[in-house]
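What follows is a short report on a single structure.
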Amino acid sequence: MSRDDLLKIDGVVTEAISGGNFSVRVADDRIIAAKLSGKLRRFHIRVLVGDRVTLGLSPYDLTHGLILSRERLAPRRAT
């Protein structure tokens with residue numbers, strides 16, 4: 001299954017579990033177990049509790065997901 005076949009939804013990380021696994025709360029108050037995608041691991045993108053993320057869900061199993069991206073934060077202004 002390619003990434004184009006995944007259902008994309010937004011959520012908020014509620015719990016960080018060891019090994020790159022997370023619990024993510026989606027819009028309808030469901031908790032989904034998710035893990036980091038390969039690109040996030042490769043480029044050492046850190047995902048913390050409270051971050052808004054985009055999940056990719058397989059249409060066959062809606063209880064497990066893949067964290068595809070983390071929402072970009074506003075750039076800090078130099079003072």
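Brief remarks follow.
- Residue list for the stretch 1-11, filter: in a helix (DSSP H, G or I) and touching a strand residue (DSSP E or B) at 6+ places or on another chain (Cβ under 9 Å): Arg3, Asp5
- From the list Lys35, Lys8, the lone residue that is in contact (Cβ under 8 Å) with a residue 60 or more places away in the chain and in contact with a Leu (Cβ under 9 Å, 6 or more places away or on another chain) is Lys8.
- The set of residues in the stretch 66-79 being part of a loop (DSSP other than H, G, I, E, B) and either surrounded by 13 or more Cβ atoms within 10 Å (Cβ to Cβ) or of a type in the set (Lys, Arg) (or both) consists of Arg72, Arg76, Arg77.
- Residues in the stretch 28-51 that are within 17 Å of Leu7 (Cβ to Cβ) and open to solvent by 100 Å² or more (accessible area, probe 1.4 Å): Lys35 only.
- Listed by first and then second residue, the pairs with beta-carbon distance under 9 Å, at least 6 apart or on different chains, first residue in the stretch 19-30 and within 16 Å of Ile67 (Cβ to Cβ), second surrounded by fewer than 15 Cβ atoms within 10 Å (Cβ to Cβ) and polar (S, T, N, Q), are Phe22/Thr14; Ser23/Thr14; Val24/Thr14; Arg25/Thr14; Arg30/Thr63.
The values are calculated or read from the model by the stated rules, or taken from the named source; none is laboratory data. All values reported here derive from a predicted model rather than from experimental measurement. Counting neighbours? That spans all protein chains shown, and the Cβs are built from the backbone with ideal geometry, glycine included. Protein only, heavy atoms only, side chains kept; ligands, DNA and RNA dropped before computing areas. Shrake-Rupley method; radii C 1.70, N 1.55, O 1.52, S 1.80 Å.
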